[in-house]
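Just below is one structure, and these are the notes that go with it.
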């Protein structure tokens, strides 16, 4: 099917998630859509598959303008989406899952469906038993099931969102072979990914999004350097950094192995020293958030150990509250979901995080505490303001203000995501103040400039592989971008193997 | 539409009118005169000193149950098992009274010990539901419901088995205790015990002070509003859930103890009298705020007692009170939902 997206635009509040994106995808094309987190890839695909309706713009299928009002409507018009996390029903049998979503009829024709399922599976050389339960399948097999289901429902365009995360290499090869076969039969495939190697191995056309805008398109042979530049922007010269003398060890992670939902990492070693800043880089979901959470006691390693301080105080297997008592602060990215309590005021947050003792709340003392912190961190809000009424930047300031003193280690996810430039500078100013006092910082960021600008050392995460800490002074944005996209790992000494 | 006191009040008033409308329809369908029925309910609740005293007698356990439920609702839990907790409170109280009634102990002391035993019984049953939730991953609604059935069965077994009346067991319960083991009744009344009124008022005041004024109450609120964030803020979450279960169980057990020591003076099959479920309705109706729980509970108690007049005077079923209470709660909650949607729309438009 010939697909045309014309000037698709979508805003969320002040954020322009898609800004007049125009794309033409002829039949039999495998289009790779590249872009870093927040570039607008998912929004565009959600519009195309009926999850969102665009603010403006048109969708044309085979030259005819169509309106797609829901995901069910999308599949009726031949657009099938394979989500990053398979949208299937683990407690059902494969055949029942397969039949679901088929319209018409009171009683499903199970025998007919079973026959067609087997024929389809045979055609693509998939071996899935229709009588087993979905939750016994691997992620790769669940993907295969979804593809079969979408084809059976009449999909003529297949959208795949990050399909190669969490599946094995042979499964990936089979997936690519299937997609190529489908394209040869006239199917249009849209492959959303951040993995350059996958796009290069599979796609016949590539498009790059950045900050909601289509910044470029390319036909093979793909120039990796150009793609990276389009994804992350031009390299900017950085101000020389003041090198701090490394202090005493505050955290030693030794041979850590972690089991995530979709990926495992193992054999990660990191020693963090007082006053040091470590940046964790990688596409979202590459294992860095898992590792950061484990450093805070929020996830337990399956192997290896965490020790605090020079005297190697063993903290392996201890709870987050134990880490907290030892002076480890954790600042999650989902501020209102994981760090602040919507419905409570700033004052109430300060009372809670200070762990004030006694039976009755000392109103005067707590209001003084709140007023002083609000002034100190320049939060635009009153002590009785509910946290959800604050802007994102002020919520982030509130999170910083909630940290206790002294601290050994601050673990922070996306310290400046969604913040304006003023708040960004402010947040890093406050974090650097802590460093000067001897606190170490480990942070995750999707912004490569931020990673290189603020960290002393950088660890790169890619699909379960972890690089050793690299000196950020010797890394360029391009090198970092290549590593994040899964290139150039062979040259790295000491990187962990695929777990 | 704007978010202010007057729109909120208008929605609440609308809910009352709609609930009355539905109840009126039910009356018309039953072929009764609505005005006359409402008049009889009002007279049945405040027409004489004696019926007014009955309203207070039923207000006490209802307010105790509501007080306990406000604590579990604050931490975000649906303690539907409160019925069983009231029953266990009554069973433990009866057990203590039976064990001590023939001892030489001062009857006042026996009553106090029995009430304390009831509180412990309620807390124990609530902790079962809490443990199932915390350590077994059983939703507190399912666990509580299951434990309610177990409590009812246990109660019946005791009444018809080990604690049966001499001779033949009966649905009217165990043999009544001696008058010395009753809570002192007010002069000129048949059932009203001033002591229980004091207990109920202290209970709701204590819960109000705890939720609104203590560090513990603030931590409960934080856990109830967002468990994840509360944990990151350093609050031990499951421990707070367990504590709130235990506290609610204490209040429920107290309600059961009051039923035994001051209302029925024995254990009967329906000893909880549905006060737990009614307490859930009151708590929902007041939006989980302790400040207005007492008057609303009084209103519900008045409806219950007042509607007893219906079968006597008008040959109608007394369940009309339940229809009114249920529809009132539904419409108030529906009104909140509708108001929220309208506010959201108004916000989008601006």
Inter-part gap, Cα centre of segment A:15-55 to Cα centre of segment A:119-133, in whole angstrom, is 31 Å
In whole Å, largest first, the alpha carbons of segment A:345-403 cover along the principal axes 33, 19, 18
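From the mean inverse distance of alpha carbon pairs (Kirkwood) and the Cα radius of gyration, derive Rg over Rh for segment A:42-133. Spell out each step's value before the answer.
Numbers: Rg = 15.9 Å, Rh = 15.4 Å.
Expressed as Rg/Rh, it is 1.04.
Please rank A:118, A:46, fewest neighbouring Cβ atoms within 10 Å first, as an exposure proxy.
Details: A:118 13, A:46 21.
Final ranking by Cβ density, sparse to dense: A:118, A:46.
What order do you get for A:388, A:478 when you list them from fewest to most C-beta neighbours inside 10 Å? Walk me through the numbers on the way to the answer.
Numbers: A:388 13, A:478 17.
Starting with the residue having the fewest Cβ neighbours, the order is A:388, A:478.
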Taking Cα pairs closer than 8 Å and at least 6 residues apart, the relative contact order of chain A in percent is 15 percent
The answer for the per residue Cα convex hull volume of segment B:30-96, in Å³, is 167 Å³
Of all DSSP beta bridges having both residues in the protein assembly as shown, the percent classed as antiparallel (nearest 5) is 55 percent
Rounded to 0.05, the calculated FRET efficiency for the beta carbons of residue B:30 and residue A:262 at R₀ = 51 Å is 0.25
As a Kirkwood estimate from alpha-carbon pairs, the protein assembly as shown has a hydrodynamic radius in angstrom of 31.7 Å
So the angle from the long Cα axis of helix A:392-402 to the longest Cα principal axis of chain A, reported in degrees to the nearest 10, equals 40 degrees
Taking Cα atoms, the helix A:169-184 axis meets the longest principal axis of chain A at an angle in degrees (rounded to 10) of 40 degrees
In whole angstrom, largest first, the equivalent ellipsoid semi-axes that the Cα gyration tensor gives for segment B:56-293 are 32, 20, 14
When A:321, A:313 are ranked with the fewest other C-beta atoms within 10 Å first, the list becomes A:313, A:321
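Once the Cα gyration tensor of segment A:315-427 is diagonalised, what are the square roots of 5 times its eigenvalues, in whole Å and ordered largest first, as equivalent ellipsoid semi-axes?
Numbers: eigenvalues 87, 84, 30 Å².
Square roots of five times the eigenvalues give 21, 20, 12 Å.
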Partner shielding of B:210-218, as the mean number of partner chain Cβ atoms within 10 Å, equals 4
Hull surface over four for the Cα convex hull of segment A:448-499, reported in nm², is 3.3 nm²
In degrees rounded to 10, the 0-90 angle between helix A:139-152 Cα long axis and the longest Cα principal axis of chain A is 40 degrees
dims of segment B:172-312, Cα set, principal axes, largest to smallest, nearest Å -> 56, 32, 27
The alpha-carbon center of segment A:377-399 and that of segment B:156-228 are separated, in whole Å, by 44 Å
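Assign one of three labels to chain A, namely rounded, prolate or oblate, based on the Cα gyration tensor with a ≥ b ≥ c the square roots of its eigenvalues; rounded applies when a/c is under 1.5, prolate when it is not and a/b is larger than b/c, and oblate otherwise. Can you show the working numbers first?
Numbers: a/c = 1.76, a/b = 1.68, b/c = 1.04.
Taking the square roots of the gyration eigenvalues as a ≥ b ≥ c, chain A is prolate.
With the Cα gyration tensor of segment A:259-335 giving a ≥ b ≥ c as the square roots of its eigenvalues, does the rule (a/c under 1.5 for rounded; else a/b larger than b/c for prolate; else oblate) give rounded, prolate or oblate? Write down the numbers at each step before the final one.
Values: a/c = 1.44, a/b = 1.33, b/c = 1.08.
Because its axes are fairly even, with a/c under 1.5, segment A:259-335 counts as rounded.
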Mean per-residue count of partner chain Cβ within 10 Å for A:338-345 equals 6
Segment B:1-44 and segment A:444-482 have their Cα centres apart by a whole-number Å value of 67 Å
For chain A, percent of DSSP beta bridges that are antiparallel (nearest 5) comes out at 55 percent
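Throughout, read-outs are computed from the coordinates displayed, never taken from laboratory work. What you are looking at is a predicted structure, and each value in this text was computed from that prediction instead of being measured. Cβ coordinates were reconstructed from backbone atoms using ideal geometry, including for glycine residues, and neighbour counts include every protein chain displayed.
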